[in-house]
Amino acid sequence: MSVKLTEEQNLIVASMRELMTRENWDDYFKECDNEHKFPERFCKELSELGLHQIVNPVEYGGLEENAMVTFVAAWEEVLRLGGNAACIWFSSTYPVILREGNEKQKKIALELMETGLTKVGNAATEPGAGSDLGAMQTTYTRKDGKVYLNGQKTFCTDATYSDYLIVTALDAETKTKYTNWFVPTNAEGVTIAGLEKLGLKTNSAGEIYLDNVELEEDDMLGAEGAGFDMQKNDFNTERVVSGLYCYGYALCAFEDAAKYANQRVQFGEAIGRQQLIQLKLANMKAKLTNMRNMIYDGAEMVDDGTLDKGYAAMCKYYCVVAAQEVTDDALQILAGVGICGDHRASRAWRDIRASRISGGTDEMMILTLGRSIVKEYRNK
Ligand SMILES: Cc1cc2nc3c(=O)[nH]c(=O)nc-3n(C[C@H](O)[C@H](O)[C@H](O)COP(=O)(O)OP(=O)(O)OC[C@H]3O[C@@H](n4cnc5c(N)ncnc54)[C@H](O)[C@@H]3O)c2cc1C
């Protein structure tokens, strides 16, 4: 695919470039990464430029046409120039509430969006239910007109930082309906403990304990029993977004490595003149081109409503693994400079590694893609 951006899209991309070149953001991202802090100042700047709102429902400021392609083009530029992707999930969490929520929940989401920060986390995974979310044990029980949540969630992004969580739970009575609940993190009975992790350190990770958390019926998000399906659809878009930020990080690492290959002199000439280095750069470029095509095609499918789970799984699997290989090659070219001294390529490498688990593991992506291919050709 050859992407031709419209004039309006090019203006949005230019505004991202202006933000990224206005100051040296890397010191700030380094500090946030070292201190495990969400990059609030950066997230607010992106919000002011309207990046987060692009994929909102149209009545809440989203673009009427080509919203996802525009979102991809804008983030591509932000990430190419070294941006941090911690707040990329702003654009998947809030739209779900604006689409599925009742008036009370939408009002809360709109107020939280005004802060320009990601203040809502998703809590589906449990200690006994990772890839197999159907095995979840967290339940909701109705008693005297109230609803009570009990259980434990784990590995939840931004949990320690959020004001609300979207908690998926199973009805205690029939154990058949998976339903989403919009839960304030300061509700009595909610305890959240932070977790250490290898990468993605600018997003927190949390273990959540739910002990008889009392809710009202109107804290339900979407229809009863629809929680799981609602999330499955959103997971497809999120998988394209996972591919996008890993691609963006790899693109930045590639450009750093290609520039360095021209500057670094060993044995009397630039290392970029060595064919072993050129081989790496050639393979990196080919992989980046494939990733880009796959992501823009996926974005077009999101925009016209044709994205299916097979494509979404392929996009996440290919892009995250290829991004890991490209970033690894970039570190090889940058050598000591990349490994020591907190280079952004090394942070990208760690973040991409963690992304091969978050949002669905490589293996689950392969299984989803494989099943969809077999199904497509079953009766042909
Ligand atoms: C950084 C990070 C952020 C996350 N954020 C969130 C979040 O915001 N909200 C949330 O709810 N969850 C979140 N998660 C959880 C994430 O979705 C799970 O970690 C992931 O689905 C895998 O579950 P698990 O870690 O329990 O591994 P398991 O499911 O136990 O898998 C262990 C290994 O076995 C493999 N495996 C499992 N089943 C099969 C099979 N059938 N065939 C072949 N191989 C298989 C897996 O691929 C993996 O390699 C996050 C995780 C990480 C690492």
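The values are calculated or read from the model by the stated rules, or taken from the named source; none is laboratory data. The model shown is predicted, which means the values in this text are computed figures rather than measured ones. Ideal geometry is used to build each Cβ from the backbone, glycine not excepted, and the neighbour counts take in all protein chains shown. These area figures cover heavy atoms from the full protein model, side chains too; ligands, DNA and RNA do not enter into them. Shrake-Rupley method; radii C 1.70, N 1.55, O 1.52, S 1.80 Å.
Only one of 262, 233 is in a helix (DSSP H, G or I), touching a strand residue (DSSP E or B) at 6+ places or on another chain (Cβ under 8 Å) and free of Cβ contacts under 8 Å to residues at least 24 places away in the same chain. Can you tell me which? Break it down stepwise before answering.
Working: 233 fails: touching a strand residue (DSSP E or B) at 6+ places or on another chain (Cβ under 8 Å).
The conditions single out 262.
Does residue 200 qualify as being open to solvent by 10 Å² or more (accessible area, probe 1.4 Å), touching a helix residue (DSSP H, G or I) at 6+ places or on another chain (Cβ under 8 Å) and within 23 Å of residue 358 (Cα to Cα)? Working first, answer last.
On the way: open to solvent by 10 Å² or more (accessible area, probe 1.4 Å): yes; touching a helix residue (DSSP H, G or I) at 6+ places or on another chain (Cβ under 8 Å): yes; within 23 Å of residue 358 (Cα to Cα): yes.
Yes: the conditions hold for residue 200.
Restricting attention to region 124-147, which residues are open to solvent by less than 50 Å² (accessible area, probe 1.4 Å) and more than 16 Å from the ligand (Cβ to nearest atom)?
So the first thing to find is which residues in region 124-147 are open to solvent by less than 50 Å² (accessible area, probe 1.4 Å), and the list is 124-126, 129-130, 133-136, 138-140, 147.
Once the filter is applied, which keeps residues that are open to solvent by less than 50 Å² (accessible area, probe 1.4 Å) and more than 16 Å from the ligand (Cβ to nearest atom), region 124-147 yields 139, 140, 147.
State yes or no: is residue 377 under 23 Å from residue 78 (Cβ atoms) and open to solvent by 60 Å² or more (accessible area, probe 1.4 Å)? I'd like the intermediate steps shown before the answer.
Numbers: under 23 Å from residue 78 (Cβ atoms): no; open to solvent by 60 Å² or more (accessible area, probe 1.4 Å): yes.
So residue 377 does not fit the description; no.
Does region 355-362 include one or more residues that are in contact (Cβ under 8 Å) with a residue 12 or more places away in the chain, within 16 Å of the ligand (Cβ to nearest atom), touching a strand residue (DSSP E or B) at 6+ places or on another chain (Cβ under 8 Å) and outside the structural domain of residue 202 (by TED's automatic domain parsing)?
Kept after step one, since they are in contact (Cβ under 8 Å) with a residue 12 or more places away in the chain, are these residues of region 355-362: 355-356, 358-362.
Add one more test, that the residue is within 16 Å of the ligand (Cβ to nearest atom), and what stays is 355-356, 358-362.
Checking which are touching a strand residue (DSSP E or B) at 6+ places or on another chain (Cβ under 8 Å) leaves us with 358.
After this cut, where a residue has to be outside the structural domain of residue 202 (by TED's automatic domain parsing) as well, the list is 358.
The answer is yes; a qualifying residue exists.
Taking the condition of being open to solvent by 10 Å² or more (accessible area, probe 1.4 Å) and either more than 7 Å from the ligand (Cβ to nearest atom) or not assigned by TED's automatic domain parsing to the domain that holds residue 214 (or both), how many residues in region 148-161 meet it? Explain how you work it out, then say what you get.
If we filter region 148-161 for residues that are open to solvent by 10 Å² or more (accessible area, probe 1.4 Å), which is where we start, we get 148, 150-152, 155, 157, 160-161.
Checking the rest, the ones that are also either more than 7 Å from the ligand (Cβ to nearest atom) or not assigned by TED's automatic domain parsing to the domain that holds residue 214 (or both) come to 148, 150-152, 160-161.
Qualifying residue count for the region: 6.
Residue 293: in contact with a strand residue (DSSP E or B) (Cβ under 6 Å, 6 or more places away or on another chain) and either of a type in the set (D, E, K, R) or part of a helix (DSSP H, G or I) (or both), yes or no?
Details: in contact with a strand residue (DSSP E or B) (Cβ under 6 Å, 6 or more places away or on another chain): no; either of a type in the set (D, E, K, R) or part of a helix (DSSP H, G or I) (or both): yes.
No: the conditions fail for residue 293.
Which one of the conditions (1) modelled with pLDDT under 95; (2) farther than 18 Å from residue 118 by Cβ; (3) surrounded by fewer than 23 Cβ atoms within 10 Å (Cβ to Cβ) does residue 227 fail to meet, given that it meets all the rest?
(3)
Only one of these conditions is not met by residue 164: (1) more than 10 Å from the ligand (Cβ to nearest atom); (2) farther than 30 Å from residue 249 by Cβ; (3) modelled with pLDDT of 95 or more. Which number is it?
Failing condition for residue 164: (2).
Looking at (1) open to solvent by less than 10 Å² (accessible area, probe 1.4 Å); (2) modelled with pLDDT of 95 or more; (3) outside any loop (DSSP other than H, G, I, E, B), find the lone condition where residue 83 falls short.
It fails just one condition, (3).
For region 88-106, check the following and say yes or no: at least one residue is in the same structural domain as residue 28 (by TED's automatic domain parsing) and without any contact (Cβ under 8 Å) to a residue 24 or more places away in the chain.
At the first step, the residues of region 88-106 found to be in the same structural domain as residue 28 (by TED's automatic domain parsing) are 88-106.
Cutting the leftovers down to without any contact (Cβ under 8 Å) to a residue 24 or more places away in the chain gives us 103, 106.
Yes, the conditions are met somewhere in region 88-106.
Are any residues in region 323-353 surrounded by fewer than 19 Cβ atoms within 10 Å (Cβ to Cβ) and within 15 Å of the ligand (Cβ to nearest atom), and if so, which ones?
Residues satisfying the conditions are 350, 353.
Of all residues in region 189-215, count the ones that are assigned to a loop (DSSP other than H, G, I, E, B) and in contact with a strand residue (DSSP E or B) (Cβ under 7 Å, 6 or more places away or on another chain).
Here is the first cut: in region 189-215, the ones assigned to a loop (DSSP other than H, G, I, E, B) are 189, 195-204.
Subsequent filtering for residues that are in contact with a strand residue (DSSP E or B) (Cβ under 7 Å, 6 or more places away or on another chain) retains 189, 195, 197, 203-204.
Total meeting the criteria: 5.
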